[in-house]
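The values are calculated or read from the model by the stated rules, or taken from the named source; none is laboratory data. On a predicted model such as this, the values are computed, not experimentally measured, just so you know. Cβ placement follows ideal geometry from the backbone for every residue including glycine, while neighbour counts extend to all protein chains displayed.
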Amino acid sequence: MTATSGLSTAEIRARLATIVGEKYVLTETVDTDPYLKEPRGLFVGTTPAVVEPKTTAEVSAILAFANDNGLKIVPQGGNTGLVGGQIPIDGSEIVLSLRRMDAVREIDATSDTLTVEAGVTLLRCQEAAASVDRLFPLSLAAEGSCTIGGNISTNAGGTQVVAYGNTRALVLGVEVVLADGRVLNGLGKLRKDNTGYDLKQLFVGSEGTLGIVTAAVLEMVPRPRTFATAMLAVENPAAAVSVLERAKAAFGKALTGFELMPRFGFDLVLKHLPGARDPMAERYEWYVLMEVSSAEEAGCDEEVETLLGDAMEAGLVLDAVLAGSLDQRAALWRIRESMSEVQGHEGGSIKHDVSVPIAAVAAVIDEGIRVAEDYIPGIRPVPFGHLGDGNIHFNFSQPVGADKAEYLAKWDELNERVHAVVRAHGGSVSAEHGIGRLKKHLLAEVKDPVALEVMRAVKSALDPKGTLNPGKVL
């Protein structure tokens with residue numbers, strides 16, 4: 001294999017070894033394989049090398065070398081992304097893993113900031129904040145393995161966006177290595193800084209196509225002392241939206257979770273997750289997992305019980321269970337957080353990560369299920385997720401007895417039908433997972449042409465040689 005510059009694979013590996021050390025240039029298949037397949041197996045790549053820098057200076061040297069010699073770099077964090085943005089395409093691209101950049105540089109409780117390197121896992125960020133009695137509120141099912149660099153590159157969302165916003169809202173500053181190796185040092189802690197363009201926002205959600213985030217300043221918030229966590233049974237998504245309106249009016253930013261789940265998804269969890277139990281004696285068609293957090297030791301159980309009682313009287317809530325302990329809270333969240341994983345036991349699953357205005361959620365679910373069932377009779381819908389911010393993971397399990405490969409071959413056509421419903425209601429075809437390779441072809445259909453021109457101009461200005469993550473997003 002020879003790069004554009006004419007360097008052989010052996011020469012490339014040798015040059016990389018001079019930067020990071022031979023031990024951290026992985027070339028054997030047994031070592032590189034874990035970096036070359038995304039979690040759902042939709043994208044599998046090859047690479048001449050996986051390089052693992054430890055410092056920003058090493059990342060800078062790697063990119064300068066690549067940019068000068070026509071090499072392509074695919075940055076990777078915890079390899080938990082679901083749209084293929086972290087997987088190389090043509091076999092010549094070098095995977096740059098940031099896992100070794102895992103230092104917590106500073107915890108500033110007075111400023112409520114946490115400065116960490118890109119390879120720090122989300123769980124460690126949460127633990128670092130907890131060590132000074134604070135909360136870093138980004139929360140994902142993959143938090144034990146996903147990294148903050150990956151979270152920033154995809155503008156990750158999760159279960160607490162309803163209160164705290166996406167990753168973008170939690171990033172105060174970034175350190176970024178540009179395509180030519182220059183380091184943009186923007187690790188500021190300021191919440192107000194109007195000195196020109198807010199450059200950090202260019203890199204949040206850019207999926208490593210504009211620069212490689214090597215460190216970030218994150219915002220911490222006061223740590224909740226108590227939680228009121230309830231599983232609610234509702235007749236349909238429209239009722240769930242009505243309950244959400246009441247909960248937001250009653251609790252404001254203290255409403256930190258509002259997740260929608262269908263009965264079929266519930267059944268999959270009970271069937272495939274060891275130890276899972278139905279918290280209710282009767283079966284219902286739809287459920288909501290609602291959580292209210294409080295900084296007060298006294299908690300807010302009574303207020304939540306009042307809300308639920310009023311909603312029951314109004315016919316919006318059919319039944320409810322309020323967690324009486326932290327263990328019960330964990331059991332309720334385990335049902336929600338396992339809903340995506342257990343679908344794999346039922347054969348093929350075609351997925352959509354969409355967002356719509358909250359007022360349109362019920363109509364989109366109803367219409368989306370209808371077009372899917374018309375296209376594939378017997379398909380099993382599993383629409384679930386973050387109702388509090390309008391982000392639904394609109395998944396569909398294959399019909400019972402269907403051939404998995406034949407079913408998955410209909411992925412694009414089913415996407416087209418469901419996305420048409422989403423767009424008709426003013427929604428987005430990518431809510432929190434990014435574009436990567438999976439949805440790249442959709443941008444020309446859903447993005448304003450002028451917006452696409454501006455995006456391409458930014459890419460050209462920051463990465464004129466196409467060094468960074470080629471074939472992704474644009």
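Would you confirm whether any residue within the stretch 232-251 is in contact with a Lys or Arg (Cβ under 8 Å, 6 or more places away or on another chain) and under 18 Å from Ala330 (Cα atoms)? No; the residues of the stretch 232-251 include none that is in contact with a Lys or Arg (Cβ under 8 Å, 6 or more places away or on another chain) and under 18 Å from Ala330 (Cα atoms). Return the residues of the stretch 75-131 that are in contact with a Gly (Cβ under 7 Å, 6 or more places away or on another chain), over 18 Å from Ser206 (Cβ atoms) and among the β-branched types (Val, Ile, Thr); say none if nothing qualifies. Answer for the stretch 75-131, where residues must be in contact with a Gly (Cβ under 7 Å, 6 or more places away or on another chain), over 18 Å from Ser206 (Cβ atoms) and among the β-branched types (Val, Ile, Thr): just Thr121. Contact map, the stretch 113-134: first residue within 20 Å of Ser293 (Cα to Cα), second residue small (Gly, Ala, Ser) and surrounded by fewer than 21 Cβ atoms within 10 Å (Cβ to Cβ), Cβ cut-off under 7 Å, separation 6 or more or different chains; pairs are Leu123/Gly144; Val132/Ala109; Arg134/Ala109.
Taking the stretch 395-421 as the range and being part of a loop (DSSP other than H, G, I, E, B) and of a type in the set (Gly, Ala, Ser) as the test, the residues that pass are Gly401, Ala402, Ala409.
Filtering the stretch 290-336 to residues that are farther than 20 Å from Ala240 by Cα and assigned to a loop (DSSP other than H, G, I, E, B) leaves Ala295, Glu296, Glu297, Ala298, Gly299, Cys300, Gly324, Ser325. Contact annotation: no residue pair with Cβ atoms under 8 Å, 6 or more positions apart or on different chains, pairs a residue in the stretch 57-86 that is in the same structural domain as Arg182 (by TED's automatic domain parsing) and within 12 Å of Ile12 (Cβ to Cβ) with a partner that is aromatic (Phe, Trp, Tyr) and part of a loop (DSSP other than H, G, I, E, B). Here Asp403 meets each of (1) of a type in the set (Asp, Glu); (2) touching a strand residue (DSSP E or B) at 6+ places or on another chain (Cβ under 7 Å); (3) farther than 13 Å from Phe264 by Cα with one exception, condition (2).
Checked against the criteria, Pro383 counts as crowded, with 24+ Cβ neighbours inside 10 Å and modelled with pLDDT of 95 or more.
A quick yes/no check of all residues on (1) modelled with pLDDT of 95 or more; (2) farther than 25 Å from Phe136 by Cα; (3) in contact with a Cys (Cβ under 6 Å, 6 or more places away or on another chain):
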{"site": "Leu244", "(1), (2), (3)": "yes, no, no"}
{"site": "Pro262", "(1), (2), (3)": "yes, yes, no"}
{"site": "Arg283", "(1), (2), (3)": "yes, yes, no"}
{"site": "Leu289", "(1), (2), (3)": "yes, no, no"}
{"site": "Ser294", "(1), (2), (3)": "no, no, yes"}
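Can you find a residue in the stretch 381-388 that is touching a residue at least 12 places away in the same chain (Cβ under 8 Å), under 21 Å from the mean Cα position of the chain (by Cα) and not in a strand (DSSP E or B)? Within the stretch 381-388, one or more residues are touching a residue at least 12 places away in the same chain (Cβ under 8 Å), under 21 Å from the mean Cα position of the chain (by Cα) and not in a strand (DSSP E or B). May I ask you to say which residue of Phe251, Phe264 is on the phi < 0 side of the Ramachandran plot and buried (at least 20 other Cβ atoms within 10 Å of the Cβ)? Being on the phi < 0 side of the Ramachandran plot and buried (at least 20 other Cβ atoms within 10 Å of the Cβ) holds for just one of Phe251, Phe264, which is Phe251.
Of all residues in the stretch 454-469, those that are within 19 Å of Ala64 (Cβ to Cβ), of a type in the set (A, V, I, L, M) and not in a strand (DSSP E or B) total 2. Return a yes/no flag: does the stretch 172-190 have any residue that is of a type in the set (A, V, I, L, M), under 22 Å from Asp389 (Cβ atoms) and at pLDDT 95 or above. Yes, there is a match, as at least one residue in the stretch 172-190 is of a type in the set (A, V, I, L, M), under 22 Å from Asp389 (Cβ atoms) and at pLDDT 95 or above.
The residue list Ala163, Ala142, Ala169 contains one member that is closer than 30 Å to Phe251 by Cα, hydrophobic (A, V, I, L, M, F, W, C) and surrounded by fewer than 17 Cβ atoms within 10 Å (Cβ to Cβ), which is Ala169. Applying the criterion of at least 1 residues that are over 20 Å from the mean Cα position of the chain (by Cα), modelled with pLDDT of 95 or more and closer than 30 Å to Glu296 by Cβ to the helices (runs of 4 or more DSSP H) found wholly in the stretch 41-158 leaves 122-130. For Arg329, the requirement of being surrounded by 21 or more Cβ atoms within 10 Å (Cβ to Cβ) and either of a type outside the set (D, E, K, R) or in contact with a strand residue (DSSP E or B) (Cβ under 9 Å, 6 or more places away or on another chain) (or both) is not met.
With respect to the conditions (1) surrounded by fewer than 22 Cβ atoms within 10 Å (Cβ to Cβ); (2) part of a helix (DSSP H, G or I), Gly368 lacks only one, and its number is (1).
Among the criteria (1) under 24 Å from Asn185 (Cβ atoms); (2) crowded, with 21+ Cβ neighbours inside 10 Å, the one Lys72 does not fulfil is (1). Checked against the criterion of being more than 29 Å from Arg124 (Cα to Cα), more than 24 Å from the chain's Cα centre (by Cα) and part of a helix (DSSP H, G or I), the candidates Ile12, Ile19 yield just one match: Ile12.
Can you tell me which of Ala363, Ala402, Ala409 is closer than 28 Å to Ser139 by Cα, surrounded by fewer than 22 Cβ atoms within 10 Å (Cβ to Cβ) and at pLDDT 95 or above? Being closer than 28 Å to Ser139 by Cα, surrounded by fewer than 22 Cβ atoms within 10 Å (Cβ to Cβ) and at pLDDT 95 or above holds for just one of Ala363, Ala402, Ala409, which is Ala363.
Listed by position, the helices (runs of 4 or more DSSP H) enclosed by the stretch 180-273 that each have at least 1 residues that are in the same structural domain as Ala314 (by TED's automatic domain parsing) and within 27 Å of Ser397 (Cβ to Cβ) are 237-251, 263-272.
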